[in-house]
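For reference, the structure is listed below as structure tokens.
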Amino acid sequence: MEQDNNSSQTEPQEVFTPIPQARGASGGVRWLGLGWDLIKERFWMWIGVIIIYFIVSLIISTILGFIPLIGPIISPFITTVLAAGVVAIAHQQYETQRIDVDTLFFGFYNKRYLSLMGAYGISFLILLAGIIIAILVSSAAMMDIIYAINSDYPDEIITEMMVDNASGFTLFFVIIAIFGALSTAAYWFVPALVLVNGYKAFPAVKASLAAVKINLSGGFFFFILLFFILAISLIPFGLGLLITIPLSYTAMYGSYRDIFYHHNIGSQGNNGGIGGNSTISLNKTAESNIGKLVS
């Protein structure tokens, strides 16, 4: 986007930094606020975007469902690229105040889908590792219960065995929860980092984990608030999900924008470089991707 040289010397410029910034517990509220600002500016467009997203996802899942074994495995990787397009739309709106529905497919036609799929695969492997560890740790307790059920033990005995092995079951769910959180953290900022800033899979996952590590309190409040908002939206026959689902995407983009960008006041030349000692400019790949996305 072109900027006026005179105004750029005095107005704060949002500059991408590859080093994530800590935003504190209040960040969770701020990210939701930014997400809501984007939704309300193009309210009906966002509802249309999320409907199109679900329709296309359903078509993809249905078609791939006819392919034995491979289809159900490939399907989530394809729809992940599509979901990343929703984040790309949020970025486009933030930069240009407009929404182009074809940006939903940005991950496919800018050849970044391999990075998105790779990062998604990494996050899935993290969760899978957690499931395997949880099963191994609590396998003895689970096998006893399964054996008792298959052997038609009286209900009283089965109940007593479940109480006796409660710690094993608790540990199972704790491990799943921890690895589930790690899996989410690994992919949280990936869509924006890949589509906007040109990151590959491993660097994007590494940056996402680093950002979450220094924003644990903000992330905790963010997901708690988002959970309650989603729960409330289910009350009116689930219609509120047409708003809260896109809000979850725009708020995630808001967290990326808040953590990976900072305001800078300095001089900026025609070549797009940022002046001043304390600034970090976009790399050429990132500049190219942003230019394609907002043009």
Check: Peptides 79-85, 36-42, 133-139, 182-188: what's the order by average Cβ count within 10 Å, highest mean first?
Finding: 79-85, 182-188, 36-42, 133-139
Checklist line | Where region 160-210 is the region considered: accessible area per residue in Å², 1.4 Å probe | finding: 47 Å²
Next item on the list: Return the distance in nm (one decimal) between the two label points of a simple spin-label model at ILE235 and ALA22, each offset 7 Å from Cα along Cα→Cβ.
Entry: 3.7 nm
Notebook entry, point to check: Given Cα pairs under 8 Å that are at least 6 residues apart, what percent is the relative contact order of region 1-130?
Noted result: 18 percent
Next item on the list: Obtain the nm distance between the two label points defined at ILE74 and TYR261 by a simple spin-label model: each point lies 7 Å from its Cα along the Cα-to-C-beta direction.
Entry: 3.6 nm
Notebook entry, point to check: When the accessible area of region 12-53 is split by element with a 1.4 Å probe, what percent falls to carbon and sulfur?
Noted result: 67 percent
Check: Considering only protein heavy atoms, what per residue accessible area in square angstrom results for region 211-268 with a 1.4 angstrom probe?
Finding: 49 Å²
Notebook entry, point to check: Taking all pairs of different Cα atoms in region 132-253, averaging 1/r and flipping that mean, what Kirkwood radius in angstroms comes out?
Noted result: 17.8 Å
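The values are calculated or read from the model by the stated rules, or taken from the named source; none is laboratory data. Keep in mind that what you see is a predicted model, and the values were worked out from it rather than measured. Virtual Cβ from ideal backbone geometry, glycine too; neighbours counted across all protein chains shown. Just so you know, the surface numbers come from the protein's heavy atoms only, side chains and all, with ligands and any DNA or RNA stripped out. Shrake-Rupley method; radii C 1.70, N 1.55, O 1.52, S 1.80 Å.
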